[in-house]
Structures are given as C-alpha cells and as structure tokens.
Amino acid sequence: FRPCQDAPEYVAGIASTLISNWKIAREVARLGGARFVAILQPIAGYGDSRVDYLDLNETKLSDFAVAYRAIQEAMAAEDASWLTDMTSIFDGEQAFYIDTCHVVARGNQLIVDAIARELINHHGASL
C-alpha cells in the first residue's frame with residue numbers, strides 16, 4: 001500500500017489539513033499582533049536537486065511528490081501572499097542534502113537568506 005499513490009482522498013486531506021493549520025496559525029499570530037508566513041520546505045527527491053549520492057526510499061519519495069504537488073496546488077488555489085513555496089531552492093548540481101530533509105551548512109544559509117528576502121521584500125520586515 002502506498003498511501004499517497006493509492007488514495008487520492010488521503011492526499012487531498014493532507015493538503016487541506018496543512019492549509020487549514022496554516023490559516024489557524026495565521027489567525028493566532030494576527031490576534032497576537034504578529035504576521036504569519038507559511039513556508040513549504042524543500043525535501044530531497046522533489047524537484048531538480050541533486051540526490052544521486054543519497055540512499056533514498058523511492059516509494060516514500062514518490063508519496064512525498066504526490067503530496068507536495070497537492071499542497072502546491074492548494075497553495076495556488078488560495079492565491080495568498082503569506083504562502084511561500086521554497087521547494088526549488090536547492091535545484092541544481094550542488095549537493096545539499098544529507099538525508100531526506102536535512103542539509104549541509106551552506107543549504108541552511110541559503111534557506112535563511114531566502115526567508116530573509118521573502119520577509120523583507122514581500123512582508124514589510126526589516127532585519
């Protein structure tokens with residue numbers, strides 16, 4: 001059984017639950033006088049990042065890909081500036097991942113820089 005491959009309703013539930021949770025977090029932040037920005041993180045095997053050196057579970061990666069596509073579609077349907085997709089940040093030839101979701105120091109720095117740019121350029125933050 002491959003949960004995401006074999007059960008489209010399960011995948012739709014993943015995407016809608018994540019969006020709903022992000023909306024709740026956004027409202028909690030608003031009530032506290034803060035802003036909330038949701039970021040869809042990159043994962044190895046989704047997109048065009050280099051992962052040929054990793055021993056990855058292809059079935060799990062396939063399920064992640066199906067779920068991530070559904071989440072990206074749900075994000076696009078929301079058409080909300082507070083939803084940010086950073087799944088392609090590691091696309092290219094450089095090796096960043098040390099496993100499915102953890103990266104080397106340079107990868108962490110790229111994420112920090114991307115989040116800072118997002119907050120400054122699109123959300124009025126000053127750092």
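Structure summary
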read-out: Given (1) modelled with pLDDT of 95 or more; (2) in a helix (DSSP H, G or I); (3) more than 16 Å from the chain's Cα centre (by Cα), number of the condition residue 122 does not satisfy; value: (1)
read-out: Hits in the stretch 1-48 (condition: open to solvent by 80 Å² or more (accessible area, probe 1.4 Å) and touching a residue at least 60 places away in the same chain (Cβ under 8 Å)); value: 2, 35, 41
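For (1) within 15 Å of the chain's Cα centre (by Cα); (2) polar (S, T, N, Q); (3) under 13 Å from residue 100 (Cα atoms), each residue gets a yes or a no:
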{"site": "17", "(1), (2), (3)": "yes, yes, no"}
{"site": "29", "(1), (2), (3)": "no, no, no"}
{"site": "32", "(1), (2), (3)": "no, no, no"}
{"site": "50", "(1), (2), (3)": "no, no, yes"}
{"site": "57", "(1), (2), (3)": "no, yes, yes"}
{"site": "61", "(1), (2), (3)": "yes, no, yes"}
{"site": "64", "(1), (2), (3)": "yes, no, yes"}
{"site": "71", "(1), (2), (3)": "yes, no, no"}
{"site": "84", "(1), (2), (3)": "yes, yes, no"}
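The values are calculated or read from the model by the stated rules, or taken from the named source; none is laboratory data. Since we're looking at a predicted model, the values are computed, not measured. In this analysis, Cβ positions are derived from the backbone assuming ideal geometry, glycine residues included, and neighbour counts consider all displayed protein chains. Areas reflect the complete protein model, heavy atoms only, side chains present, ligands, DNA and RNA absent. Shrake-Rupley method; radii C 1.70, N 1.55, O 1.52, S 1.80 Å.
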